[in-house]
1. So GLU68 ticks every box in (1) within 18 Å of TYR104 (Cβ to Cβ); (2) in contact with a Lys or Arg (Cβ under 6 Å, 6 or more places away or on another chain); (3) open to solvent by 70 Å² or more (accessible area, probe 1.4 Å) but one. Which box is left unticked?
2. Considering every residue within region 102-125, establish whether at least one is hydrophobic (A, V, I, L, M, F, W, C) and in contact with a helix residue (DSSP H, G or I) (Cβ under 9 Å, 6 or more places away or on another chain).
3. Considering only region 104-112, I want to know if a residue exists there that is part of a loop (DSSP other than H, G, I, E, B), open to solvent by less than 70 Å² (accessible area, probe 1.4 Å) and either polar (S, T, N, Q) or in contact with an Asp or Glu (Cβ under 9 Å, 6 or more places away or on another chain) (or both).
4. Are any residues in region 6-60 open to solvent by 50 Å² or more (accessible area, probe 1.4 Å), small (Gly, Ala, Ser) and under 30 Å from PRO77 (Cβ atoms), and if so, which ones?
5. Can you find, within region 40-60, the residue that is nearest to TRP29 (Cα to Cα) among those that are touching a Ser or Thr at 6+ places or on another chain (Cβ under 6 Å) and outside any strand (DSSP E or B)?
6. Anything in region 128-176 that is part of a loop (DSSP other than H, G, I, E, B), polar (S, T, N, Q) and open to solvent by 30 Å² or more (accessible area, probe 1.4 Å)? List them, or say none.
7. Filter region 71-103 down to the residues that are of a type in the set (Phe, Trp, Tyr) and open to solvent by less than 30 Å² (accessible area, probe 1.4 Å) and list them by number.
8. Read through the list (1) in a strand (DSSP E or B); (2) in contact (Cβ under 8 Å) with a residue 40 or more places away in the chain; (3) of a type in the set (Lys, Arg), then give the number of the only condition that ARG67 fails.
Amino acid sequence: LNSLWTVDTRLFGDAPQPLGIDGVLFADWLPNGREVIYSTAERTAGAPGWKAHNNLLVRDIETRARRELLPSSSIAPYAFWGTNFVLSADGRRLAYAIADEIGYVELQNGAQTPLQNFPTFQTQAAWVWLPDVAWSPDGRFIAVTMHAPPPGTSNPEAAQTFDLWVVNVNGSVAAPLVKVTDP
């Protein structure tokens with residue numbers, strides 16, 4: 001699994017410095033340039049080779065102080081695979097995507113707000129499908145590639161339909177931008 005290191009790009013030939021953070025599945029710099037936010041996992045013998053903790057931790061790279069925003073969790077479907085996270089442009093929120101839900105986390109207090117649920121996608125393989133998420137530049141909307149079986153589908157988890165949706169973070173709008181139908 002991954003570990004986090006820093007390199008001072010202002011110094012030619014600066015040697016990488018370990019942060020002492022191992023088992024990383026997601027990491028990003030916070031806007032203050034001093035803290036890193038990350039999520040971890042542990043190695044396992046079976047596929048996929050890790051078990052995600054689905055947690056969020058913040059580490060100050062100067063003081064090495066660490067704080068927990070989200071505790072480890074394994075209650076979501078396919079939680080072992082992990083969570084996709086994307087930091088908003090203003091650095092105040094993280095969009096998250098799991099196998100059946102998208103939402104966001106407030107970085108100030110770790111409050112988690114689910115925005116949209118959908119059926120999991122059965123890949124029939126040794127991997128798990130997670131939605132891709134992206135923030136609008138103003139931080140008001142999240143764009144998401146969502147598993148979107150048509151209404152009345154007899155086995156929604158097997159439907160190979162994925163639409164592009166836009167969801168307002170205040171919950172007032174959730175609508176498909178591009179709808180795709182099964183071939």
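The values are calculated or read from the model by the stated rules, or taken from the named source; none is laboratory data. As the structure is a prediction and not an experimental result, all values here were calculated from the model. Quick reminder, even Gly has a Cβ in these numbers, built from the backbone with ideal geometry, and neighbours come from all protein chains shown. The area values use the complete protein model at the heavy-atom level, side chains included, leaving out ligands, DNA and RNA. Shrake-Rupley method; radii C 1.70, N 1.55, O 1.52, S 1.80 Å.
1. Every listed condition holds for GLU68 apart from (2).
2. Of the residues in region 102-125, the ones hydrophobic (A, V, I, L, M, F, W, C) are 102, 105, 107, 111, 115, 118, 121, 125.
Next cut, in contact with a helix residue (DSSP H, G or I) (Cβ under 9 Å, 6 or more places away or on another chain) only: 118, 121.
Yes, region 102-125 contains a residue that is hydrophobic (A, V, I, L, M, F, W, C) and in contact with a helix residue (DSSP H, G or I) (Cβ under 9 Å, 6 or more places away or on another chain).
3. Kept after step one, since they are part of a loop (DSSP other than H, G, I, E, B), are these residues of region 104-112: 107-111.
Now narrow it down to the ones that are open to solvent by less than 70 Å² (accessible area, probe 1.4 Å): 107, 110-111.
Applying the additional criterion that residues be either polar (S, T, N, Q) or in contact with an Asp or Glu (Cβ under 9 Å, 6 or more places away or on another chain) (or both) yields 110.
Yes; the residues of region 104-112 include at least one that is part of a loop (DSSP other than H, G, I, E, B), open to solvent by less than 70 Å² (accessible area, probe 1.4 Å) and either polar (S, T, N, Q) or in contact with an Asp or Glu (Cβ under 9 Å, 6 or more places away or on another chain) (or both).
4. Answer for region 6-60, where residues must be open to solvent by 50 Å² or more (accessible area, probe 1.4 Å), small (Gly, Ala, Ser) and under 30 Å from PRO77 (Cβ atoms): ALA45, ALA47.
5. ASN55
6. In the first step, residues of region 128-176 are kept if they are part of a loop (DSSP other than H, G, I, E, B); the result is 128-132, 136-140, 148-155, 159-161, 169-173.
Filter again for polar (S, T, N, Q), leaving 136, 153-155, 160-161, 170, 172.
Hits for region 128-176 are THR153, SER154, ASN155, GLN160, ASN170, SER172.
7. Here is the first cut: in region 71-103, the residues of a type in the set (Phe, Trp, Tyr) are 78, 80-81, 85, 96.
Result: PHE85, TYR96.
8. So ARG67 meets the others, but not (2).
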